[in-house]
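J.: Sharing a structure with you now.
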Amino acid sequence: MLTALILICSVSVTPDIRDCTRDNASDVMRVPTEFANPMTCFLHGQTFLAETSLAQDLREDDRIKIVCARSQSVALVPSAVTR
């Protein structure tokens, strides 16, 4: 099963979005649902973010990265926003 992680990274910290990780993101949010396939995971990750106040509070230099990973590997990430 897959879990979506939503990472918010600043362009000033990670100019290349590929370098955005859980360790350097200004915000990390875990979608509280598991998914069987990657496409569903990405789509629900986007939808979940759009329904939060975090999406409305993005700064001009923030970038969003959605990572779908095996649920076991993200089990330690809290589902709350870290901002």
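The values are calculated or read from the model by the stated rules, or taken from the named source; none is laboratory data. In this text, all values refer to a predicted model and were calculated from it rather than measured experimentally. Here the Cβ positions follow ideal geometry from the backbone for every residue, glycine too, while neighbour counts run over all protein chains shown. To get the accessible areas, we keep the full protein, side chains included, count just its heavy atoms, and leave off ligands, DNA and RNA. Shrake-Rupley method; radii C 1.70, N 1.55, O 1.52, S 1.80 Å.
J.: Quick check: the angle from helix 38-50's long axis to the longest principal axis of the chain, C-alpha only, nearest 10 degrees?
T.: For 38-50 against the chain, the angle is about 50 degrees.
J.: Let me ask another. Go through [x] 85; [y] 320; [z] 96 and flag the label whose value is the computed volume of the Cα convex hull per residue in Å³ for this structure.
T.: Matching entry in [x] 85; [y] 320; [z] 96: [x].
J.: Follow-up. Give me the 1.4 Å probe accessible area per residue for the chain, excluding ligands and nucleic acids, in Å². Please report the intermediate quantities before stating the final value.
T.: Numbers: 5100 Å² over 83 residues.
Result: 61 Å² of accessible area for each residue.
J.: Here is a follow-up. Could you check how much of the accessible area of the chain is carbon and sulfur, as a whole percent, using a 1.4 Å probe? Could you put the intermediate results ahead of the total?
T.: Values: 2740 of 5100 Å².
Carbon and sulfur together cover 54 percent of it.
J.: Still on this model: Between SER73 and ASP57, what is 0.36 nm times their sequence separation minus the Cα-Cα distance? Round to one decimal in nm.
T.: Numbers: separation 16, 0.36 × 16 = 5.76 nm, distance 2.82 nm.
Length difference between fully extended and current span is 2.9 nm.
J.: I'd like the FRET efficiency for MET1 and THR21, computed as 1/(1 + (r/R0)^6) with the beta carbon distance as r and R0 of 30 Å, rounded to 0.05.
T.: Working: r = 21 Å, r/R0 = 0.71.
Calculated transfer efficiency: 0.90.
J.: Classify the range 26-67 as rounded, prolate or oblate from the Cα gyration tensor: take a ≥ b ≥ c as the square roots of its eigenvalues, call it rounded if a/c is under 1.5, otherwise prolate when a/b beats b/c and oblate if not.
T.: Values: a/c = 2.33, a/b = 1.98, b/c = 1.17.
Cα axes put the range 26-67 in the prolate bin.
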